[in-house]
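The values are calculated or read from the model by the stated rules, or taken from the named source; none is laboratory data. This is a predicted model, so every value here is computed, not measured. Reconstructed Cβ throughout: ideal geometry from the backbone, glycine too, with neighbour counts over all protein chains shown. Heavy atoms of the whole protein, side chains included, go into the accessibility calculation; ligands, DNA and RNA do not. Shrake-Rupley method; radii C 1.70, N 1.55, O 1.52, S 1.80 Å.
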Amino acid sequence: MRLNRAWIEARIPHQGRMCLLDEVIDWNAQYIRCATATHRAPDNPLRSHGRLGAAAGIEYAAQAMALHGALAGGAANGTAEGHTGAAARSQPKVGLLAGLREVRLFVARLDDIDSDLICEVTHLAGDGLTALYEFALRDRDRILLSGRASVVLDAGGRLKL
């Protein structure tokens, strides 16, 4: 089931132009795949000197991780696909990107990619306080960047963004 930008903005802290993902294409308990065209937008907030460097793809992946957490958490709370119930409407847990490993950039920039970007994120391990994800950002033909990320979750609600 595809989930649109309005659904995404309701579940991550990033709003407006800073919400970089346009659509959730599919997901399950371990995986999420999202699509976006925001890398081509002249007003993309991550652009610098008129360009969007490939390292900005890490933020795309981080937002996909946050979405996966919202979806997987909603499903765990009996709200299949995160659409119904109080858990799906509650404020998301804060997650902080704590570390990156094995990040590989295969292109210099993203704004010159003609096709939509596909962000794929796989949950490798975790508990209620941490999560380890593998990620890849692709265009229609190739991987643009990949890596692994550690996320610290604020289960106690003490962290503020």
- prompt: Does any residue of the stretch 114-134 turn out to be surrounded by fewer than 19 Cβ atoms within 10 Å (Cβ to Cβ), modelled with pLDDT under 80 and either over 20 Å from E9 (Cα atoms) or not aliphatic (A, V, I, L, M) (or both)?
  reply: yes
query: Looking at A98, A149, A108, which is the one that is closer than 19 Å to Q63 by Cβ, in contact (Cβ under 8 Å) with a residue 12 or more places away in the chain and surrounded by fewer than 16 Cβ atoms within 10 Å (Cβ to Cβ)?
result: A98
task: For the stretch 18-36, name all the residues that are open to solvent by less than 30 Å² (accessible area, probe 1.4 Å) and under 17 Å from I143 (Cα atoms).
output: I32, C34, A35, T36
- request: May I ask you to list pairs of residues, at least six apart or on different chains, whose Cβ atoms are under 8 Å apart, with the first in the stretch 17-30 being over 18 Å from A55 (Cβ atoms) and the second being open to solvent by less than 70 Å² (accessible area, probe 1.4 Å) and part of a loop (DSSP other than H, G, I, E, B)?
  value: R17/A41; R17/N44; R17/P45; C19/I12; D22/A37
statement: G78 vs (1) open to solvent by less than 40 Å² (accessible area, probe 1.4 Å); (2) more than 15 Å from the chain's Cα centre (by Cα); (3) at pLDDT below 95: all pass except (1)
